[in-house]
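Let me begin by presenting the structure, written as structure tokens, before commenting on it.
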Amino acid sequence: MIGRAELARGDVIEAERRYQLATSENPGFAPALEDLATFAAMRGDATAGLLLLERTATGTQHAMYPFLQHFKPVEHPELGRNDRCWCGSGRKYKVCHLGKSDTPLGHRAVWLYAKAGLIIDQPRWQRLFAEVDRANDDVRLVSDVVLFDGGAFDDFVERWATVLPDDELDLAHRWRGAPLIMGVVVEVRPGDGFTVRDGRSGETRSVMDRTVGDDVSVGDTVVVRPLPVGDEWHNYIGVHPVADDRREEMRDLLDAPELSPKALGRVLGDSDR
């Protein structure tokens, strides 16, 4: 309980120490093990996270479990803990990539996005989530709106900056303030992505989104949130159509000095119906 209070205060290091104390007193205490697994996931230490979750009966239900499984690192038995890391960083293997994902950042970007989503479980963001959710029942969209338009993503970056891998932290800073855009779909690549022309700037972007299917058509006016990942753009919220009679209202919302998450959820919810 003290650990979770410290996490709510923003002291992640003290929170982790408290969870470790809890497991030293009770090695099978599932809540502390799952919280420690979250810390391991934030660090990109898939091996440690899986070992912690495997000590609990419900570990496979943890939000990070599929990511820990997917990004479990390839072992390098030829290297000792104190050898220089294979990646060329010059650091010792034990402090660089031992137990951590060796997947390129472009592939881990979706994991970073999922990590950010964990912060919505905090009471402060749950209240905003509930307000937006009442206006739109698309959980993925609601979570994204709370993150980027409600301020939760900034909270995530500030809170977890000391724990995230350096390259993910740099990427997270690039994502801060990433806007929603309303544009027209000019190409659809089912299972891969789409190309959209921004209605305001006229800029055309090729966006990766593996969830795109036949329900998206060329000529649709949609709202998406392209996030920069290296030289690419990624979209994790799906493609949300805007009804003809809602386009002006949506444009006004996106142009407002401060976007209203609740109003945004309502307009998109009305467009989906």
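The values are calculated or read from the model by the stated rules, or taken from the named source; none is laboratory data. What you are looking at is a predicted structure, and each value in this text was computed from that prediction instead of being measured. Every residue, glycine as well, gets a Cβ built from its backbone with ideal geometry; the counts of neighbours run over all protein chains shown.
The residue list THR47, THR56 contains one member that is under 22 Å from the mean Cα position of the chain (by Cα) and outside the structural domain of PRO165 (by TED's automatic domain parsing), which is THR47.
The number of residues in segment 194-212 being hydrophobic (A, V, I, L, M, F, W, C) and either surrounded by fewer than 17 Cβ atoms within 10 Å (Cβ to Cβ) or at pLDDT below 95 (or both) comes to 1.
With respect to VAL145, determine if the residue is touching a Ser or Thr at 6+ places or on another chain (Cβ under 7 Å), more than 24 Å from LEU68 (Cβ to Cβ) and β-branched (Val, Ile, Thr). So VAL145 does not fit the description; no. Condition first: within 16 Å of LEU7 (Cβ to Cβ) and small (Gly, Ala, Ser). Now tell me which residues in segment 95-129 satisfy that. Once the filter is applied, which keeps residues that are within 16 Å of LEU7 (Cβ to Cβ) and small (Gly, Ala, Ser), segment 95-129 yields ALA116, GLY117. When GLY177, GLY80, GLY88 are checked against the criterion of being surrounded by fewer than 21 Cβ atoms within 10 Å (Cβ to Cβ), in a loop (DSSP other than H, G, I, E, B) and either of a type in the set (D, E, K, R) or in contact with a Lys or Arg (Cβ under 9 Å, 6 or more places away or on another chain) (or both), GLY80 stands alone in meeting it. All conditions in (1) modelled with pLDDT of 90 or more; (2) aliphatic (A, V, I, L, M); (3) not assigned by TED's automatic domain parsing to the domain that holds ASN235 hold for VAL163, with the sole exception of (3).
For ALA40, indicate whether it is small (Gly, Ala, Ser), surrounded by 14 or more Cβ atoms within 10 Å (Cβ to Cβ) and either under 17 Å from the mean Cα position of the chain (by Cα) or at pLDDT 95 or above (or both). Taking the combined requirement at face value, the residue satisfies it.
Checked against the criteria, GLY28 counts as of a type in the set (Gly, Ala, Ser) and outside any helix (DSSP H, G or I). Within segment 45-57, being touching a helix residue (DSSP H, G or I) at 6+ places or on another chain (Cβ under 7 Å) and within 21 Å of GLY117 (Cα to Cα) holds for ALA46, ALA48, GLY49, LEU50, LEU52, LEU53. Are any of the residues in segment 58-70 assigned to a loop (DSSP other than H, G, I, E, B), free of Cβ contacts under 8 Å to residues at least 40 places away in the same chain and either within 30 Å of ILE237 (Cβ to Cβ) or not charged (D, E, K, R) (or both)? There is at least one residue in segment 58-70 that is assigned to a loop (DSSP other than H, G, I, E, B), free of Cβ contacts under 8 Å to residues at least 40 places away in the same chain and either within 30 Å of ILE237 (Cβ to Cβ) or not charged (D, E, K, R) (or both).
Which of the residues belonging to segment 138-158 are crowded, with 19+ Cβ neighbours inside 10 Å and touching a residue at least 60 places away in the same chain (Cβ under 8 Å)? Those that are crowded, with 19+ Cβ neighbours inside 10 Å and touching a residue at least 60 places away in the same chain (Cβ under 8 Å): LEU141, VAL142, ASP144, VAL145, VAL146, PHE148, ASP149, GLY150. Of all residues in segment 112-123, those satisfying the criterion of being touching a residue at least 60 places away in the same chain (Cβ under 8 Å) and either in a helix (DSSP H, G or I) or closer than 15 Å to GLU168 by Cα (or both) are LEU112, TYR113, LYS115, LEU118, PRO123.
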